[in-house]
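Notes follow once the structure below has been shown.
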Amino acid sequence: MARKKMAVEEKLEDINLMPIMNLLCLLIPFLLLSAQFIQIGIVLVDTPRQSKSQSKPDENQKSLGLEVIIKQDGYDVKTKSGGSACPQRAASNQVCIPVTHAGGKKVYNAVALRKLLYDKFYKPHYKNNSLDKSKDAPKPAGAFSDWGKVTIVPEDTILYETVIQTLDAARELPPEAKNEIQDIKGGTLACVFKKKPGDKEWQLEGNCMFPLVAVGR
């Protein structure tokens, strides 16, 4: 007796997505309540420029011309007025702060760079200089006209991460500044650019060393 195959028709029904949509609608308010809104801080970087209209320099002011050169073998620091920050090492054709090696990679000592900039340039001169941009602010004798500015000059093969570490090292004060600098604002060493709602320009907030950075070649 031949067996008869019975064809069973299966009826497919649409999936009911309403419970999932209701659950998502309930979770959205909790997600917004638990979200943490932060202010965005950036580091403004410029390129060196020459003014077309050169005004007569102030006799009471001089230019520092601080430069940090990132080489393959380490950091070199110099000024346009005084030359190398490490004259003894420069005489033997050596950089100021040599690189070290860890895990087969080059390590640039940004902590040592921050301390060098602080001890040799910031600490001896910060009392006579200010980052106040007001044109009417009085300038004491011996003040630098380009105070707060530093030019970072990386070689072509320097990694982007190394340049950022160098920017941070030049911008922020070292920990010992809390005990040595009298006018530390708010007791913090943070230095950031912030733009408040309604403002057109970024403003410096906190305690800064050399935050006005230009990247040159």
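For LYS135, the stated conditions do not hold, so it cannot be described as modelled with pLDDT under 90, out of contact with any helix residue (DSSP H, G or I) (no Cβ under 8 Å at 6 or more places or on another chain) and surrounded by 10 or more Cβ atoms within 10 Å (Cβ to Cβ).
In this entry, ALA85 passes the filter for residues that are modelled with pLDDT of 85 or more and not polar (S, T, N, Q). Taking the stretch 156-216 and the strands (runs of 3 or more DSSP E) fully enclosed by it, the elements with 1 or more residues that are surrounded by fewer than 15 Cβ atoms within 10 Å (Cβ to Cβ) are at 191-194, 203-206. Give me the pairs, please: first residue somewhere in the stretch 102-114 and under 18 Å from VAL68 (Cα atoms) and touching a residue at least 60 places away in the same chain (Cβ under 8 Å), second residue anywhere and buried (at least 16 other Cβ atoms within 10 Å of the Cβ) and among the aliphatic types (A, V, I, L, M), beta-carbon distance under 7 Å, and either six or more positions apart or on two chains. As it stands, the answer is ARG114/ALA169, since those pairs meet every condition given. Please work out if TRP147 is out of contact with any Gly (no Cβ under 6 Å at 6 or more places or on another chain), farther than 20 Å from VAL99 by Cβ, surrounded by 12 or more Cβ atoms within 10 Å (Cβ to Cβ) and modelled with pLDDT under 85. Spelling it out, it is not the case that TRP147 is out of contact with any Gly (no Cβ under 6 Å at 6 or more places or on another chain), farther than 20 Å from VAL99 by Cβ, surrounded by 12 or more Cβ atoms within 10 Å (Cβ to Cβ) and modelled with pLDDT under 85.
The values are calculated or read from the model by the stated rules, or taken from the named source; none is laboratory data. The structure displayed is predicted, hence computed values, not measured ones. Quick reminder, even Gly has a Cβ in these numbers, built from the backbone with ideal geometry, and neighbours come from all protein chains shown.
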